[in-house]
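The block underneath contains the structure these notes are about, expressed in structure tokens.
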Amino acid sequence: MPQIQLLDGKKINFEKSIDGFELIKKISKSLEKVALVMEVDGELKDLSHQIKTNSKVKIITPKDREGLEVIRHDAAHILAMAVQELYPGTQVTIGPVIENGFFYDFSRQEPFTEEDLKKIEKKMSEIVDRNDKTKREVWKRDDAIKHFLKIGEKYKAEIIEDIPSGEEVSIYHHGRWHDLCRGPHLASTGKVGKAFKLTKVSGAYWRGDSKNEMLQRIYGTCWSSKKDLDDYLKRLEEAE
């Protein structure tokens, strides 16, 4: 019977384990609309995460720094989804959050153009509108390596091989698309919103080693509101 302590010190008792969605319903209906992920005893978790023991929980919203980072992380996944839907055969590598946005590195023979970026951005908006649901799974290491090699994702297989033996191999599904990722992630692609913009393409060596293949890195910026995005783009324009 877990006891949940909220940020304001309030404690709520539950008869059995609960996930973040159930907890939010107990706290506030208005919170359901803005909740993104949660912090459980100092660790960020998906809202689908089951809380089984007494815990201190903070619900993360777009107002929190962590919330914006998760939005940007999901935007990176949506970028990869869009690229692979538009350009089948493109391999995905890594896609981290960076200051003011995100990037994702791709292995593709043909170079991405400015026109491609426009198409990708449009496809990203479509994916947000689809509101594909997110699901997390933990796979066995060998099974994950075999799977990604089978679907032609050699870079993902290489990353999995380097994961320390004590760590979980965490796979996130967004609708039919999936990726190796520690998470956490939003409950669906629709939660990302549309305050994003792809900004440029550059080259990047796989794992930063000039002996490795040159990849294509697509950069994007992402914010929790259209106003924040517009303000950022205006600052960029003024700085040029």
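The values are calculated or read from the model by the stated rules, or taken from the named source; none is laboratory data. Given the structure is predicted, the values throughout are model-derived calculations rather than measurements. Virtual Cβ from ideal backbone geometry, glycine too; neighbours counted across all protein chains shown. These area figures cover heavy atoms from the full protein model, side chains too; ligands, DNA and RNA do not enter into them. Shrake-Rupley method; radii C 1.70, N 1.55, O 1.52, S 1.80 Å.
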field: Alpha-carbon gyration tensor eigenvalues x 5, square-rooted, for region 34-101, Å
entry: 29, 14, 10
- request: Enumerate the calculated ³J(HN,Hα) couplings along region 142-150 in order (Karplus 6.51 cos²θ - 1.76 cosθ + 1.60, θ = phi - 60°), each rounded to whole Hz, writing x wherever the residue is Gly or Pro.
  value: 4, 5, 5, 4, 4, 4, 5, 5, 4
query: Is the chain best put as rounded, prolate or oblate by its Cα gyration tensor, with a ≥ b ≥ c the root eigenvalues, rounded for a/c under 1.5, and otherwise prolate when a/b is larger than b/c, oblate when not?
result: oblate
message: About the Cα centre, and with charges only on the beta carbon of Lys, Arg (+1) and Asp, Glu (-1), how big is the dipole of the chain? Nearest 20 debye, please.
response: 800
- line: Projected onto the charge dipole of the chain (unit charges on the beta-carbon of Lys, Arg, Asp and Glu, signs +1, +1, -1, -1), the Cα from 138, 159, 215 with the largest positive-side position is that of 138
- request: Work out, in µm²/s and without decimals, the Stokes-Einstein translational diffusion coefficient of region 97-220 at 4 °C, 1.567 mPa s, Rh from Kirkwood over C-alpha pairs.
  value: 80
- line: HN-Hα couplings for region 163-171 via Karplus (6.51, -1.76, 1.60; θ = phi - 60°), in whole Hz with x for Gly/Pro, come out as 5, x, 4, x, 8, 6, 9, 9, 10
task: Using a 1.4 angstrom probe on the protein heavy atoms only, line up 58, 234, 156, 140 by accessible area, largest first.
output: 140, 234, 58, 156
query: Pick from 210, 125, 188: which residue has the top mean-square fluctuation in a GNM of the chain where Cα pairs under 10 Å get a spring?
result: 210
statement: Expressed as a percent, the portion of alpha-carbon pairs in region 13-155 spaced more than 25 Å apart is 42
message: Using a 7 Å offset from the Cα along the Cα-to-Cβ direction at both residue 17 and residue 50, what is the distance between the two label points in nm, to one decimal?
response: 0.3
